[in-house]
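Scroll down for the structure; my scribbles are underneath it.
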Amino acid sequence: MTRAQDGFAGRGPLHRHLRLVATQLRIRTLAALEYRTGFWSDGLLGVLWSLSGVIPLLVALEHRPDIAGWTPWALAMLTGCHMIVAGLFSAIVQPALHAAMEDIRTGALDYLLLRPVDALVSCMVADFRPWSLVEVVVGAGLLAVAAIGAGVSPTVLDVALLATVLVSGVVALYALSVLILSVAFRALQLQNLAYLLESLLDFARWPIAVFRGPLKAFFTFVVPFAIMTSYPPMALLGRLEPRAAGGAMVTAIVLAWLARAAWLRALRGYTSASS
Amino acid sequence: MSAAPRRVLALVAAIARLGMAEAAAYRVSLLIWIVTSIFPLISLVLWRALAEDGPIGDYDQAGFDSYFVAAFLVRQLIASWVVWDLDRSIRNGDLSVLLLRPVSPVLHHVMINLSVLPLRLSFAAPIGLFVLLLTGGFTVLHDPVQWLLVIPALALAWLLNFAVQLIVGCLAFWLTKAASLFEIWLGLFIVLSGYSVPTSLFPAGLAEVARVLPFHAVLGFPVELLVGRLELSQALTGLALQAAWLLVLGALAAMLWRRGLRAYGAFGA
């Protein structure tokens, strides 16, 4: 079969991938609109869940004027960032991760592999829960309100740093999920590593400054919650050095590269469910 | 006359052996589940850092060390997962198989969940011990009378957790996504039970409310008892509160189970 006959005539691989992503997102969004109770169970519950997780922070503030140099407004900005990251995780990353693992387990991944697109792209758009984006919107609102409350007047450089670290954070989160997915190929018993990532995400509510020693390094470079939630407010407050933002970018790129390598390696070892 | 109880005993022992064999077969899974619940140990590091320039409330650094290691271990001791099993088995009809067996499915789940405890503890205890060696300080209950209360407190906490899971699991007889409702309980539990921060540090008002709720009875109370933070009278009150909640939630679970089974039969499943 020639290129012209496969239904994707002349548009190139990028167009094909974008079309797949757009189609998947559209189908899932339509499905979500069918089940409008999802607004309550995924959307509002996610917001409530996020806000209830703030209680330990409030308890700490009850006994201390600030937490490791973070004022209440700065912590509110951090909470906003956490809601953005957690919302993106439960809307896009986590559903795809679980769906792809289910496909590995049942062998349905075979059909995915036959598609004329990159298998990883297929896996990462395997499922989507748009209602969880409510949390992202609320988080962005909280971030904006808290930034105004903190009286920040960010420079262009600060905003550029903010964009850099936020994108790096999301890339790192994606990379970690792909790593977990790759491990799940090896041993399905390791599937619940996905829950480990979820439960660790709770610690991204705290500024990285409260962690010491190896745990601080772990949350900065291995599971870089610092990049996802602590660095963005620091960028807005003008407290983030460009060097740290560069480090964040490098960390994200290294994680993404590792994830891609692990994925390719895992895919080579895939033998379907029945064989 | 003694044949019937002996038969039940033999059946229960068989289920326990089955549970232990399953746990041993899926030991890697179990280990990751335990690692997933090291949450209190990271909280330990966090609150320890916050308490660096002096105690927070009535907790100093050593106080937090003891509290969170105890919270980690108690969480392991009271663990069960019947809500997910029940939810799935009602939805896909596997419950019918369990109903055909000569032991009540509830008892079956009790035994399966209990039988994992030895392996679970043998994974978790070294982790707790390791953290204690790292941090150094550990205060534990001194009063021998209160030690006698630890066992019933833990048993009641286990039963309470099981009863709540049974209640939510039974909702699967009528709802399609009952297990996701359990996340609501879990979310409140993590914040209000003393799992992520001792409830006695809560702002006045919230603390009093949190301490009578079932969340605290499941985890915070046994933990505080274990690290010796309670007077004898407080310990007895806590036990009474646990028993009262168990009475309420146990009755609710029993009712839902009985009604649910009728609804399940009505499906023709």
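The values are calculated or read from the model by the stated rules, or taken from the named source; none is laboratory data. Computed from a predicted structure; not experimentally measured. Counting neighbours? That spans all protein chains shown, and the Cβs are built from the backbone with ideal geometry, glycine included.
Among the residues in region B:232-239, are any buried (at least 17 other Cβ atoms within 10 Å of the Cβ) and without any contact (Cβ under 8 Å) to a residue 60 or more places away in the chain? Checked against the condition, which is being buried (at least 17 other Cβ atoms within 10 Å of the Cβ) and without any contact (Cβ under 8 Å) to a residue 60 or more places away in the chain, region B:232-239 yields no hits at all.
In this structure, does residue B:43 turn out to be crowded, with 20+ Cβ neighbours inside 10 Å, within 11 Å of chain A (Cβ to nearest Cβ) and within 23 Å of the chain's Cα centre (by Cα)?
Values: crowded, with 20+ Cβ neighbours inside 10 Å: yes; within 11 Å of chain A (Cβ to nearest Cβ): yes; within 23 Å of the chain's Cα centre (by Cα): yes.
Against the criterion (crowded, with 20+ Cβ neighbours inside 10 Å, within 11 Å of chain A (Cβ to nearest Cβ) and within 23 Å of the chain's Cα centre (by Cα)), residue B:43 qualifies.
In summary, residue A:128 fulfils each of the numbered conditions (1) part of a helix (DSSP H, G or I); (2) out of contact with any Phe, Trp or Tyr (no Cβ under 7 Å at 6 or more places or on another chain) with the single exception of condition (1).
Those helices (runs of 4 or more DSSP H) of region A:156-253 in which 2 or more residues are away from chain B (no Cβ under 14 Å) and closer than 24 Å to residue A:145 by Cβ occupy A:156-186, A:231-236. For region B:31-40, a residue qualifies if it is within 9 Å of chain A (Cβ to nearest Cβ), part of a helix (DSSP H, G or I), within 17 Å of the chain's Cα centre (by Cα) and over 10 Å from residue B:195 (Cα atoms), and the qualifying residues are B:33, B:35, B:36. Of all the listed residues (B:156, B:256, B:201, B:246), the sole one being crowded, with 16+ Cβ neighbours inside 10 Å and either within 12 Å of another protein chain (Cβ to nearest Cβ) or on the phi > 0 side of the Ramachandran plot (or both) is B:201. Residue-level analysis places residue B:160 among those that are out of contact with any Cys (no Cβ under 8 Å at 6 or more places or on another chain) and under 30 Å from residue B:48 (Cβ atoms). Does region B:78-88 contain at least one residue that is more than 11 Å from chain A (Cβ to nearest Cβ), at pLDDT 90 or above and over 24 Å from residue B:179 (Cβ atoms)? Checked against the condition, which is being more than 11 Å from chain A (Cβ to nearest Cβ), at pLDDT 90 or above and over 24 Å from residue B:179 (Cβ atoms), region B:78-88 yields no hits at all. Just one of the listed residues (B:227, B:168) is in contact with a Ser or Thr (Cβ under 6 Å, 6 or more places away or on another chain), touching a residue at least 60 places away in the same chain (Cβ under 8 Å), within 29 Å of residue A:203 (Cα to Cα) and surrounded by 20 or more Cβ atoms within 10 Å (Cβ to Cβ), and it is B:227. Under the condition of being within 14 Å of chain B (Cβ to nearest Cβ), among the small types (Gly, Ala, Ser) and part of a helix (DSSP H, G or I), the residues counted in region A:66-106 number 2.
Taking the criterion of being within 9 Å of chain B (Cβ to nearest Cβ), free of Cβ contacts under 8 Å to residues at least 60 places away in the same chain and either aromatic (Phe, Trp, Tyr) or not in a helix (DSSP H, G or I) (or both), the residues of region A:10-65 that qualify are A:49, A:64.
Residue-wise test of (1) assigned to a helix (DSSP H, G or I); (2) more than 18 Å from the chain's Cα centre (by Cα).
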{"residue": "B:187", "(1), (2)": "yes, no"}
{"residue": "B:196", "(1), (2)": "no, no"}
{"residue": "B:209", "(1), (2)": "yes, yes"}
{"residue": "B:216", "(1), (2)": "yes, no"}
{"residue": "B:222", "(1), (2)": "yes, no"}
{"residue": "B:225", "(1), (2)": "yes, no"}
{"residue": "B:229", "(1), (2)": "no, yes"}
{"residue": "B:238", "(1), (2)": "yes, no"}
{"residue": "B:245", "(1), (2)": "yes, no"}
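Within the set A:184, A:259, A:235, the sole residue that is of a type outside the set (D, E, K, R), crowded, with 21+ Cβ neighbours inside 10 Å and within 15 Å of the chain's Cα centre (by Cα) turns out to be A:259.
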